[in-house]
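The structure appears right after this line, and notes come after that.
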Amino acid sequence: MAQDIVLKENKKSMVFLKPITTIFKGKLSKEKWLLSAKKTGITLASVLLFLILWHFGSQALYNKEANYKINKTLKEQGAAAAEAERACIYSGENNCQPNTLPSPLQVWQSLQLLIADHYVIKADKKAFEEKMFATNEALAAKGKKKITYTGRPSFIDIVLTSIKTVFAGFLLALLIAVPIGIVIGLSPFLKSAFNWFIQIFKPVSPVVWYLLVFMIVKTLYIGNSSDNSFVISFISVGLCAMWATLVNTAMGVASVDKDYINVAKVLKLGTFQKIFKIILPSSLPLIFTGLRITLSVAWMVLIAIELLAQSPGLGLFVWEEFQNGANDSNSKIIVAMFVIGIIGFLLDRIMLSVQQMVSFNKNEAI
Amino acid sequence: MAYLELKNIYKNYGSGDATTEVLSDINLTIEEGEFVAIVGFTGSGKTTLVNLINGLITPTSGQVICKGKEVKETSHERGVIFQNYSLLPWLTVGQNIFMAVKEAFPKKTKEALNTIVEEYVEMVRLTPAINKRPKELSGGMRQRVAVARALAMKPEMIIMDEPLGALDALTRGDLQDEILNIWGKDKRTALLITNDVDEGIYMADRIIPLRPGPKATLGPEFKIDIPRPRDKTALNDDKNFKDTRNAIIEYLMDIGDARKSEIQEQIILPELEPKSFVGYFKS
């Protein structure tokens, strides 16, 4: 029974898929079909409108940049050079393309390029590993370190690194914030002891957290040549994002309904039983609301922190593409932007499903 | 010896100038196996009185004595049915009751405990809903779970704090009979707090009105000499019932009125006469 309810509720969080799923289920009355078709239609129409606006917007920017370039050449180098420049730009030659907002089509091409690139690198990596297999075996036999592939990571690898970093950070936040939150929530005495700490460190920017973690980890890693960028970035992400969980857990634990406490007293539950059977279950919804905020904050600060930590994730990718200034760099940045957005959205949905699963008050989770 | 005794109970909330005296000079004796009802207006301190008896709070002065010992904390001997059910929403009906039973009989095996749970769920006729959560139940069903939870601990005394207050009239009558049935089986001591005089008369051996707070205190007691089992429809024509009910209501209304007149402040209006404008605008 409980399972049934949970399953039903799960679907609620995927409500944006509902029009599509109902169509696939094939069990539709005419009105319902019309309604879901309408909903899907509206969504598709708004996507289309967005793409059209984007397309024309980028075209206008492209023209402005192109005209400026031609005029500048005209002023500095004369009419012949300007004409050559114009021809170069409109021929689509890579070297003289204006550097501005890419059109949707360019972004789409970049995405395909990045995916194709992934397969090239994957094949490359495999070939390398095969080639080094014998050598590595020999090295391993001698107890030495294996030679690993050190070529550039593909876009997919980059995304995976980012996801890994976020989850490591999220786990760290959970392990730190939930226990401390419970302790603080239970004891008003400890709350006042910790409160200044929370209030001061909560608003600190991700960049500063990174620097702090860097100072500490760098010293701890002294004499160790291995790459510590991952460690630094996930610790920074965790520390940055844990505050929502900490505050929510403390609040949830401190604000347990007085009726439940009375029940605990009348049943004469012991301290531990009171915590685990009454206080924790009743504050779970708030704890998970906190965790959901933590995950989305973690994903948001990740980009900035990876950039600083030189960790090979999306943040560094975006920054390097920007510094690179190649012809397709801008469209790669936009691809990264969409990937970041979509993954963030999916992470939030996953957390919402989990949140609804543990929430006894189904209307509370939003 | 009386099962439960309240001796000169006073209870204040707050301190200094902000002190409110909720209860004052409460004296009550309940014999073993007796069914006592306390009726009073909402906000007259009924819940405070209940919490004092079950040991959730302690009196400012005076003593609550249960079986010759002073009550200082809650005890499994006194089961409580709360006004707002107080079921744990993340547990099913069975789990809610199991938790209570496990605390009351820590030495029994899991199977024995489960048997008790099933027995009491059956008693309040909720077997089909044993795996449901409180959210999925109606108000009456939730209250039945609360009744089952309190009784499954096999307390010597049942304390009911407006247990049926939030229910509709039909469910209410139904549950009244159910509670009486259960009480009749092994004649435990029972204390019912209610705002419904009819309910009190129908269920109790004795009714004591609570004069509304602040400084709430118990009024004179009314004995109900109607033989059990009582028939609700016949009761309406019973002379004894009518007289008792009228006497209690009259008493409650009187103190209600007295309180109102105490509170009322006389506002003296200035003596004014409307000015006449007849002929005023003629030049």
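The values are calculated or read from the model by the stated rules, or taken from the named source; none is laboratory data. Computed from a prediction, not measured in an experiment: that's the story for all the values here. Every residue, glycine among them, receives a Cβ derived from its backbone with ideal geometry; neighbour counts consider all protein chains shown.
Taking the listed residues A:ILE303, A:ILE293, A:ILE278, the one that is within 14 Å of another protein chain (Cβ to nearest Cβ) and either under 24 Å from the mean Cα position of the chain (by Cα) or within 19 Å of A:GLY185 (Cα to Cα) (or both) is A:ILE278, with no other qualifying. Which of the residues spanning the range A:167-191 are under 15 Å from A:TRP299 (Cα atoms), in contact with a helix residue (DSSP H, G or I) (Cβ under 8 Å, 6 or more places away or on another chain) and not small (Gly, Ala, Ser)? Residues satisfying the conditions are A:PHE170, A:LEU171, A:LEU172, A:LEU174. Identify, please: which residue in the range B:92-111 is in a loop (DSSP other than H, G, I, E, B) and more than 8 Å from every other protein chain (Cβ to nearest Cβ) and is, among those, surrounded by the fewest Cβ atoms within 10 Å (Cβ to Cβ)? Out of the qualifying residues, it is B:LYS107. Of the residues that make up the range A:318-332, is at least one of a type in the set (Val, Ile, Thr), assigned by TED's automatic domain parsing to the domain that holds A:LEU175 and out of contact with any Pro (no Cβ under 9 Å at 6 or more places or on another chain)? Among the residues of the range A:318-332, at least one is of a type in the set (Val, Ile, Thr), assigned by TED's automatic domain parsing to the domain that holds A:LEU175 and out of contact with any Pro (no Cβ under 9 Å at 6 or more places or on another chain), which makes the answer yes. Within the range A:131-169, track down each residue that is in a helix (DSSP H, G or I) and among the small types (Gly, Ala, Ser). If the condition is that a residue be in a helix (DSSP H, G or I) and among the small types (Gly, Ala, Ser), then A:ALA134, A:ALA138, A:ALA140, A:ALA141, A:SER162, A:ALA168, A:GLY169 are the ones that fit.
Output the residues belonging to the range A:187-230 that are surrounded by 11 or more Cβ atoms within 10 Å (Cβ to Cβ), more than 21 Å from A:LEU308 (Cβ to Cβ) and small (Gly, Ala, Ser). The answer is A:SER187, A:ALA193.
Of the numbered criteria (1) touching a Lys or Arg at 6+ places or on another chain (Cβ under 9 Å); (2) over 21 Å from A:LEU160 (Cβ atoms); (3) more than 14 Å from every other protein chain (Cβ to nearest Cβ), the one A:VAL318 fails is (2). Evaluate the following for B:ALA129: is it away from chain A (no Cβ under 11 Å) and more than 15 Å from B:ALA150 (Cα to Cα)? Considered against the rule, which asks whether it is away from chain A (no Cβ under 11 Å) and more than 15 Å from B:ALA150 (Cα to Cα), B:ALA129 comes out as no. Within the range A:255-272, the presence of a residue that is in a helix (DSSP H, G or I) and more than 14 Å from every other protein chain (Cβ to nearest Cβ) is excluded. Just one of (1) over 29 Å from B:GLU32 (Cβ atoms); (2) assigned by TED's automatic domain parsing to the domain that holds B:SER44 fails for B:GLY184. It is (1). Determine whether A:LEU172 is loosely packed, with under 15 Cβ neighbours inside 10 Å, out of contact with any His (no Cβ under 8 Å at 6 or more places or on another chain) and in a helix (DSSP H, G or I). So A:LEU172 fails the test.
Any chance the range B:72-84 includes a residue that's in a loop (DSSP other than H, G, I, E, B), buried (at least 22 other Cβ atoms within 10 Å of the Cβ) and in contact with a Pro (Cβ under 9 Å, 6 or more places away or on another chain)? Yes, the conditions are met somewhere in the range B:72-84. Note on the range A:71-122: residues that are touching a residue at least 24 places away in the same chain (Cβ under 8 Å) and outside any helix (DSSP H, G or I) total 7.
State whether one or more residues within the range A:76-90 are under 20 Å from A:GLU321 (Cα atoms), of a type outside the set (Asp, Glu) and surrounded by fewer than 17 Cβ atoms within 10 Å (Cβ to Cβ). No - not one qualifying residue is present in the range A:76-90.
Residue count for the range B:35-66 under the criterion of being outside any helix (DSSP H, G or I) and either modelled with pLDDT of 85 or more or within 14 Å of another protein chain (Cβ to nearest Cβ) (or both): the result is 17.
Filtering the range B:184-196 to residues that are surrounded by 20 or more Cβ atoms within 10 Å (Cβ to Cβ) and either without any contact (Cβ under 8 Å) to a residue 12 or more places away in the chain or not in a strand (DSSP E or B) (or both) leaves only B:ARG188.
Restricting B:GLU118, B:GLU122 to those that are farther than 29 Å from B:THR58 by Cβ, assigned to a helix (DSSP H, G or I) and in contact with a helix residue (DSSP H, G or I) (Cβ under 8 Å, 6 or more places away or on another chain) reduces the list to B:GLU118. Residues in the range B:53-71 that are crowded, with 16+ Cβ neighbours inside 10 Å and of a type in the set (Gly, Ala, Ser): B:GLY55, B:GLY62. In the set B:ALA152, B:ALA190, B:ALA148, B:ALA216, only one residue is more than 14 Å from the chain's Cα centre (by Cα), hydrophobic (A, V, I, L, M, F, W, C) and closer than 21 Å to B:ILE9 by Cα; that residue is B:ALA216.
If you go through the range B:11-33 one residue at a time, do you hit one that is acidic (Asp, Glu) and either free of Cβ contacts under 8 Å to residues at least 60 places away in the same chain or under 29 Å from A:SER282 (Cβ atoms) (or both)? Yes, the range B:11-33 contains a residue that is acidic (Asp, Glu) and either free of Cβ contacts under 8 Å to residues at least 60 places away in the same chain or under 29 Å from A:SER282 (Cβ atoms) (or both).
Please list, ordered by first then second residue, the pairs with beta carbon atoms under 8 Å, 6 or more apart or interchain, first in the range A:176-201 and not assigned by TED's automatic domain parsing to the domain that holds A:SER283, second surrounded by 12 or more Cβ atoms within 10 Å (Cβ to Cβ) and modelled with pLDDT of 90 or more. Close Cβ pairs satisfying both conditions: none exist. Quick check: is even one residue across the range A:10-33 modelled with pLDDT of 85 or more and of a type in the set (Phe, Trp, Tyr)? Checking the range A:10-33: not a single residue is modelled with pLDDT of 85 or more and of a type in the set (Phe, Trp, Tyr). Mind checking whether some residue in the range B:201-212 is over 14 Å from the mean Cα position of the chain (by Cα), part of a helix (DSSP H, G or I) and closer than 19 Å to A:VAL263 by Cβ? No: zero hits.
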